[in-house]
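First comes the structure, then the notes that go with it.
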Amino acid sequence: MTGRTAWPGSWLGIDFGGTKVALRAETDGGEVSEHTFRWRGRGLESDLSQLATELARFRRRIPQGYTGIGVAMPANGGGGRAGHDLARTAPEWTGLDLRRTFRSHFGDTPVRWADDGYAGPLGKRGRWAATKLLYVGVGTGVGGGLLAGGTLWPGPDRGSFELGHVVTDVDGPICSCGRRGCLQATASGPATLARAAGMRGVPVGYDDLRQGLVADEEWAVQAVDRTCHRLAVAISGVRELLHPGTVVVGGGFAAGLPVFAGLVAHHLAALARPGVPAPVVRASVLGPLSTLHGAVALARLPGPDPL
């Protein structure tokens, strides 16, 4: 499976989530293939075995192989190793040698890695090339990415845009990173469900929360509203420093709640100071697929293989 044998161009995007992995292959001939699988959750050895099986099975759909691969992962990685952020769902992955893992699957095919917060706006480069856009992905964690003039800032090889680790409540809960009050600890999907459960007095699943919002149940409305307020607090700080004109809210958790982007916009407008208008807030048109499409866009980027 090498980049030299793949013709015409064929590109693979891999989106590693907290509970599942999504794959998307595109060819220059217009073929598109997608597949999603959930982790069995039996440890690192089981994860790597399952990953190898799923990648081999998916590869049969693109028999000519891949020209390039893009990998989006909430790993906060450095030096080709999975970082601490992945520990929020899979602590045994921390420190895993990503270079060796991906090389074992893809040989010398170019592989590009990026934080999932970067991959989200990458899929929107053409749509927002002339503006400065802040992408906020809300799922198992909270990811962020800034797109300015069609270019990601500061760039995948210069560190991540860690919106999820901006401290918004110094007295808040402990984050998976070990600090207290990170945005991720108060505004991620699991944090929102935990807040809703505390207000309702019984465990709350995602479908329960969504149905509660539809029924205008106070516990559901308040839990989501609190999350959107915390997101707005973090976004307002980015607005003061970097002046994005548009905020796109994506991620699997936010995508399933139609009121989500509107609530973020409401709180962001209330936080704006005189003379500094709040940016426009939009729900991602790709919804939970933003990061996956961004991973494919990452695979298509020119330049040397960073892994």
Rounded to a whole %, the carbon-and-sulfur portion of the accessible area of the chain at a 1.4 Å probe is 53
Would you mind calculating the gained length between Q222 and D97 on full extension (0.36 nm times residue separation, minus the Cα-Cα distance), in nm to one decimal?
40.8 nm
Using a 1.4 Å probe on heavy atoms of the protein chains only, the accessible area for T151 in Å², nearest 10, reads 80
Stokes-Einstein D for the chain (20 °C, 1.002 mPa s, Kirkwood Rh from Cα pairs), in µm²/s, comes to 109
Could you work out how far apart the two model spin labels at R60 and L301 are, taking each label as a point 7 Å from the Cα in the direction of the beta carbon, and quote it in nm?
3.3
So what is log10(I(q)/I(0)) for the range 210-301 at q = 0.21, 0.23 1/Å, when the Debye sum runs over its Cα atoms only?
-1.03, -1.13
Suppose the chain between R282 and E45 were pulled fully straight at 0.36 nm per residue; how much longer would it get relative to their current alpha carbon spacing?
81.3 nm
Folded to 0 to 90 degrees: helix 260-271 orientation relative to the chain principal axis, Cα:
50
Given +1 on the Cβ of Lys and Arg, -1 on the Cβ of Asp and Glu, and no further charges, what dipole in debye does the range 125-285 carry about its Cα centre, rounded to the nearest 20?
480
For the chain, dividing by residue count, accessible area per residue (probe 1.4 Å) in Å² works out to 44
Mean-position separation - Cα centroids, the range 247-307 and the range 8-68, in angstrom
24
For a quick check of understanding: with a 1.4 angstrom probe and all protein chains in place, what accessible area in square angstrom does C175 have, to the nearest ten?
10
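The values are calculated or read from the model by the stated rules, or taken from the named source; none is laboratory data. Here the structure is a predicted model, which is why all the values come from computation and not from measurement. In this analysis, Cβ positions are derived from the backbone assuming ideal geometry, glycine residues included, and neighbour counts consider all displayed protein chains. Heads up: the accessible areas ignore ligands, DNA and RNA and are worked out on the full protein's heavy atoms, side chains in. Shrake-Rupley method; radii C 1.70, N 1.55, O 1.52, S 1.80 Å.
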